[in-house]
Amino acid sequence: MPASDLALLIEAAQAAGRIAETYWRRDPRTWDKPGQQGPVTEADMEIDTMLRQRLTAARPGYGWLSEETEDDDARLSAERLFVVDPIDGTRAFIGGERSFAHALAVAVQGRITAAVVYLPMRDRLYSATLGGGATLNGAPIQASGRRALEGAAVLTARPALNPDHWKGPAPEVQRSLRASLAYRLCLVAEGRYDAMLTLRESWDWDTAAGSLIATEAGARVSDRTGAPLGFNTVRPVSAGVIAAPPPLHDEVIARLA
């Protein structure tokens, strides 16, 4: 049994990748979740079952929160909690794209302490522990040193740049997007992009792992108001997510309406 939570998450994420690979580009069975919550596939469900069995068997005292498991209020009384997205970027997975990810984290009293984001089809494994720095495939990574928002490389959906969301004109940025929110956070951690922002409510399973990786790489991560993200709350969502080097993050917060 892995001695550390991080080692456990890495092994579990790699096992998830092996399952995903057996379904990728093979037309997995797909259906829509109720309440317009998006698509899900048989691969999501098989990975979710495997992860829950594997992780909770190794750490039986930990609670459980996953996108593909019905929520249980029992997690609220757990000091330690697994926060999991079996496949982040399910639409990309269905479309045969490579940029889907497995996002796994451990929260202790609402704070993320270990995290892994794994992209099996790109062979990219991001990981971090609280106070231990962030890595990509074992090598340290660091957020960019960008200080100004104008001209920055930003991962965001087009509607977030609508002038209605900004004081004064919307910023002129180099906009890109990836289907997986966890991967967007990791791309900021890696310094390949200067910032990411989403102004929509964001679920814990999408943000938990990537937020620690970005923070440990030197980025600042908050909700759209500038407040820190908290985890294992009654309703496990945040009011959007912003991740960027501290000076750039401060400018985003100051300019948002």
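The values are calculated or read from the model by the stated rules, or taken from the named source; none is laboratory data. Owing to the predicted nature of the structure, the values given are computational and were not obtained by experimental measurement. Note: ideal-geometry Cβ built from the backbone for every residue, glycine included; neighbour counts use all protein chains shown.
Within segment 179-203, restricting attention to residues that are touching a residue at least 40 places away in the same chain (Cβ under 8 Å) and among the polar types (S, T, N, Q), the residue that is surrounded by the most Cβ atoms within 10 Å (Cβ to Cβ) is 180.
Name every residue in segment 221-247 that is over 19 Å from residue 72 (Cβ atoms) and surrounded by 18 or more Cβ atoms within 10 Å (Cβ to Cβ), in order of residue number. Those that are over 19 Å from residue 72 (Cβ atoms) and surrounded by 18 or more Cβ atoms within 10 Å (Cβ to Cβ): 221, 222, 223, 224, 229, 238, 240, 241, 242, 243, 244, 245.
Selection of segment 204-230 for residues being part of a helix (DSSP H, G or I), among the acidic types (Asp, Glu) and over 21 Å from residue 132 (Cβ atoms) yields 204, 206. Just one of the listed residues (139, 157) is touching a Leu at 6+ places or on another chain (Cβ under 8 Å) and among the hydrophobic types (A, V, I, L, M, F, W, C), namely 157.
Would segment 14-32 turn up any residue that is more than 18 Å from residue 96 (Cα to Cα), in the same structural domain as residue 112 (by TED's automatic domain parsing), touching a residue at least 40 places away in the same chain (Cβ under 8 Å) and not acidic (Asp, Glu)? Yes, that holds for at least one residue.
Output yes when any residue across segment 142-149 is surrounded by 16 or more Cβ atoms within 10 Å (Cβ to Cβ) and under 19 Å from the mean Cα position of the chain (by Cα), and no when none is. Within segment 142-149, one or more residues are surrounded by 16 or more Cβ atoms within 10 Å (Cβ to Cβ) and under 19 Å from the mean Cα position of the chain (by Cα).
Summed over segment 74-89, the residues that are crowded, with 24+ Cβ neighbours inside 10 Å and over 18 Å from residue 187 (Cα atoms) give a count of 5.
Of all the residues in segment 153-192, those that are out of contact with any Pro (no Cβ under 8 Å at 6 or more places or on another chain) and in a loop (DSSP other than H, G, I, E, B) number 14. If the condition is being touching a residue at least 60 places away in the same chain (Cβ under 8 Å), closer than 18 Å to residue 54 by Cβ and not aliphatic (A, V, I, L, M), then segment 64-78 contributes 66, 67, 75. Is segment 105-114 home to any residue that is closer than 14 Å to residue 207 by Cα and hydroxyl-bearing (Ser, Thr, Tyr)? Yes; the residues of segment 105-114 include at least one that is closer than 14 Å to residue 207 by Cα and hydroxyl-bearing (Ser, Thr, Tyr).
Is it true that some residue in segment 64-73 is among the β-branched types (Val, Ile, Thr), surrounded by 10 or more Cβ atoms within 10 Å (Cβ to Cβ), more than 18 Å from residue 17 (Cα to Cα) and assigned by TED's automatic domain parsing to the domain that holds residue 15? So far as segment 64-73 goes, yes, one or more of its residues are among the β-branched types (Val, Ile, Thr), surrounded by 10 or more Cβ atoms within 10 Å (Cβ to Cβ), more than 18 Å from residue 17 (Cα to Cα) and assigned by TED's automatic domain parsing to the domain that holds residue 15.
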